[in-house]
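Participant: Starting off with a structure, shown below.
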Amino acid sequence: MEATVVGQTITIDFVIDGGKTTALYWVGTVVVPQDGSTSFTWTSEADTAKLKNALLGSQDATKNFSYDKGVISYEVTIQGQTAQVEMARAE
C-alpha cells in the first residue's frame, strides 16, 4: 500500500505488480495539527464520490488513523480479516 497526503486529503492505493498497477483503497480527509505535533490521531471522512467506483475501495464512511514519528497506522479489513497497516515516509 502507498499513501499520499496533499493538503487536507489522504489517498491510499494498493500497489500491485511491483508498482506497475495501483488500485484505489481510500480517499478522505486528514487534519494535521498546526502545532508541529509528531504524534496525533484523526478520523478521516471518506470521499464517497471517488470511492464509489473503486473495485478495491473501502466502503467505510470514516476511518481512524494515527501518526507517530513518521509512521501512519490504520486498519484494513478484507473478506472479514483485519490487519494493522503501518507505513513510513519514503525518502
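Participant: Rounded to the nearest 500, what is the 222 nm mean residue ellipticity of the chain from helices alone, with -39500 (n - 2.57) per DSSP H run of 4+ residues and division by all residues?
Facilitator: -500 deg cm²/dmol
Participant: Which of the peptides 4-10, 71-77 is most tightly packed, and how do the rest follow, judged by the mean count of other Cβ atoms within 10 Å per residue?
Facilitator: Output ranking for 4-10, 71-77: 71-77, 4-10.
Participant: A further question on this structure: Among all the lysines, which ones have a C-alpha under 27 Å from Lys69's C-alpha, if same-chain residues fewer than 8 places away are not counted?
Facilitator: Excluding near neighbours in sequence, the set is empty.
Participant: Using a Cα-Cα cut-off of under 24 Å, which lysines could be cross-linked to Lys50, ignoring same-chain neighbours fewer than 8 residues away?
Facilitator: Counting by Cα, and skipping residues close in sequence, Lys50 has these lysines nearby: Lys20, Lys63.
Participant: Shifting gears a bit: Please give the length that would be gained between Ala88 and Ala61 if that part of the chain were fully extended, namely 0.36 nm times their separation in residues minus their C-alpha to C-alpha distance (nm, one decimal). Could you put the intermediate results ahead of the total?
Facilitator: On the way: separation 27, 0.36 × 27 = 9.72 nm, distance 2.45 nm.
Taking 0.36 nm per residue and subtracting the Cα distance, the gain is 7.3 nm.
Participant: Give, rounded to the nearest 20 debye, the magnitude of the charge dipole that region 2-88 has about its Cα centre when Lys and Arg contribute +1 at Cβ and Asp and Glu contribute -1 at Cβ.
Facilitator: 160 debye
Participant: If you take Rg/Rh (Cα atoms, Kirkwood Rh) from the coordinates, which of [x] 1.11; [y] 0.95; [z] 1.01 do you get?
Facilitator: So the structure-derived entry is [y].
Participant: Thr21: net charge of surrounding residues, Cβ under 15 Å, Lys/Arg +1, Asp/Glu -1, itself excluded?
Facilitator: Local charge sum for Thr21: -2.
All of the numbers you see were taken from the coordinates with simple rules; none came from a lab. Just so it is clear, the structure is predicted and the values come from calculations on it, not from any experiment. Using ideal geometry, Cβ is built from the backbone for each residue, glycine included, and neighbour counts are taken over all protein chains shown.
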